[in-house]
Amino acid sequence: MRDAEIHERQLGLTVAPFAGETPASIVSRIAARNAISPRNLCSDLGLRWPFLCSGYPDQLSGLADVAGLKLANLKQWNPEKIGIGRYRVGLTRSSTGVFRRTATRVCPVCIEQALEKDGRHGAHQLLEWNVMCLHGCEHHKVPLVELPRAGTSHETYDVVAQIARYSDIVKKAADAGPKIAPTAFEVYVRKRINHGSRRDWLSELELSQLHGACLSLGAAICGSSLPRPEITNPDLEREFCVEGLSVLSAGPDSLMDCMEGLKSRPGARRSYFSTDLGPFYVWLRAVHGDAEVQSIVDSVHAFAVRNYTMKPKKRVLGRSVPTVKRMSFETAREQSGLSVGFLKRLIRHVDNLSEAQSSALTETTPDQLSRATDFWRGLQNLKSTAVALNVHPTQVKGLIEKGILRSIRFGTALRYVFTEDVDRLLAEAAALPELPDVGAFLPLRDHCQNQRIGLVRLITLWREGKVGGFVRGADAIGLQAIYVPQDVDVGVRDTPTATRDLTPLETAAYLKIGVGAIRALRDAGYLGHAKRLNADTNHRHSLITQSSIREFETRFLTLGQLATSARVAPIHLARRLDREGVPTVTCRGRHVRVYERSQVAEHEVVARSISNG
């Protein structure tokens, strides 16, 4: 039975999902109710258990069809992976810092009640239970219990089997679990999971960042250091998080007041922002590069600059101090991410310095560094240019040679293209009229292939105003969105020449034979080749040498060359040559339409037809 037919039929024995239950838990329960393993159940339903555990959209859609569930609910409670180590948790986001997708972490009382009501398939897993900074059940006020991991992650996802395997642990925790009331921090986190982020200055923080900020700030307020994660006291952690949230949730001014209080506390150590803020600064220093925490970084940076003495070259949380007038190139390298040598080459260009002057530089200024980095941001390499224009890197080089794109080198063979030229070319393509419903047009790539004209030449003619009538389609990006009239006149084609070493494709066009035949002739020794370093990519590629092409032309003729001279179709000439018994060269078992000149000359009929042509 096809997957589509399977998905049209619903299961007879299914389950009613719990609020906030994960899709993997639902499948585990359905499998238990049908007395089958989740993997086999998924196979029977046209699904794949590992992919469903990972929350692939097509798997969720199939599960919704066969189980009669709402797809929107499955998506909401599916821990969707949105980046490396990052997940969507309900209506908020988290990383693996506080979210463990493969952990079996449950409320023992919820499980015992569900088992008593529904039997074995009542065992379930809620998404919020995998959020490690939530320590208790919201309804039963008991601590969550984490079960040992199974042999593989996919076995761990089978929550019914996991709870059955460790039922004694669950029952013991349900009977003896102490009561713990939800803290303000846990209430805040649950609201974000169920209803999304509040409109406050903490809304951009994902759960791991929120937990780290509140925990570390609370520890600083309580005058404590953060112990290692493996020996953290849950009660102490909950206390720290509440203290930190009470400050951070009130806004930036509240954080400023809190830092003022931390600064004014007496202590044996010399007052400095790294020591006064303690664990909060340690945490912030580790994550200051994350875009989500920049509002907190702004406040701490401003507080440190305003309240503490700074050395001229000091950097706070990755940012230079505003009063710095000069900086070393080492500091500039750290700030820009560019090497010292490359920075000097950029400065030499933007400030019109000589090579000797730029090499002699020992320091720079924030303004000079800004000019250099701004100029660098206006450049892009050949590969990114090719992606933006939706063409090949070799075609980008052709556009550079034609003057359509400007390029620049910084003391090396690598070329960089001006972004403004790329944007201008794309804007001109976007300004073309839309593709009409009538008229014969071909996409740019198809037209170039059909008319055997290079894309670079066609774009050059268009930019020079020598051809027109181009329109824009909506089904492609970059230059490939251009559609060309089929009757456009591009004039006489360029004739390839062998004035240098050629690529196999260029050699094929020059000798009028397929590129596969060129490779066969190269492998058989009729054409020589050499490895060359591509200065733009640092990759080695194979070129057919000019000397071997010249030597080949003195001894051999290709079918394409003969057909062009005779002004006949190659297929007709090939049949005549075969009838006349003119042999082709031997290429290690491959049939290649290349003939020795002496063999062609011996067959007078063929030679005469070519001469008459």
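Using C-alpha pairs below 8 Å separated by at least 6 residues, the relative contact order for segment 414-560 is 20 percent. Under a 5 Å amide H cut-off, with hydrogens placed 1.01 Å from N, Arg472 pairs with Glu434, Leu435, Tyr483 among residues at least 5 apart or on other chains. Shown for the chain: the carbon plus sulfur share of the solvent-accessible area, taken with all protein chains present and a 1.4 angstrom probe, equals 50%. In order along segment 465-470, the Karplus-derived 3J(HN,Hα) couplings, from 6.51 cos²θ - 1.76 cosθ + 1.60 at θ = phi - 60°, round to x, 7, 9, x, x, 5 Hz, and Gly and Pro are given as x. The three principal axes of the Cα atoms in segment 23-176 give end-to-end lengths of 42, 35, 29 Å, sorted in falling order. Computed over the chain, the per-residue total of -39500 (n - 2.57) for DSSP H runs of n ≥ 4 gives a 222 nm mean residue ellipticity of -14000 deg cm²/dmol, rounded to 500. When the listed pairs Lys75/Lys383; Lys344/Lys531; Lys383/Lys531 are checked against a 26 Å cut-off, the alpha-carbon distance exceeds it for Lys75/Lys383; Lys344/Lys531.
Take Cys133: with every protein chain present and a 1.4 Å probe, its accessible area is about 10 Å².
Restricting segment 197-299 to trypsin sites (Lys or Arg not before Pro) that sit in a DSSP loop and have at most 13 other Cβ atoms within 10 Å of their own Cβ leaves Arg198, Arg199, Arg269, Arg270. Cross-link partners of Lys172 among lysines, defined as those whose alpha carbon lies under 21 angstrom from its own and excluding same-chain residues fewer than eight positions apart: Lys117, Lys141.
What Kirkwood Rh does segment 197-299 have if only Cα atoms enter the pairwise 1/r average? Answer in Å. Evaluated over segment 197-299, this radius sits at 13.9 Å. What number, in percent, do you get for the relative contact order of the chain if the mean sequence gap of Cα pairs under 8 Å and at least 6 apart is divided by its residue count? About 6 percent, as a whole number.
Average accessible surface for the chain: 51 Å² per residue, computed with a 1.4 Å probe over protein heavy atoms with every protein chain in place.
Kirkwood's formula applied to the C-alpha pairs of segment 326-431 gives a hydrodynamic radius of 14.9 angstrom. All C-alpha to C-alpha distances of the chain, sorted into 10 Å bins beginning at zero, yield P(r) values of 3, 11, 14, 14, 16, 16, 13, 8, 4, 1, 0 percent in whole numbers.
Arrange the residues Glu128, Glu464 by how much accessible surface each exposes, largest first, with a 1.4 angstrom probe. Mind showing how you got there, number by number?
Numbers: Glu128 30, Glu464 110 Å².
Reading off the accessible areas and sorting them downward yields Glu464, Glu128.
With a 1.4 Å probe rolled over the protein heavy atoms of all chains, the accessible area of Lys466, Lys81 falls in the order Lys466, Lys81, largest first.
The values are calculated or read from the model by the stated rules, or taken from the named source; none is laboratory data. Everything numeric here is computed off the predicted structure, so don't read it as measured data. Positions of Cβ are generated from backbone atoms using ideal geometry, with glycine treated the same way; all protein chains shown enter the neighbour counts. Just the protein is used for accessible areas: all its heavy atoms, side chains included, with ligands, DNA and RNA removed. Shrake-Rupley method; radii C 1.70, N 1.55, O 1.52, S 1.80 Å.
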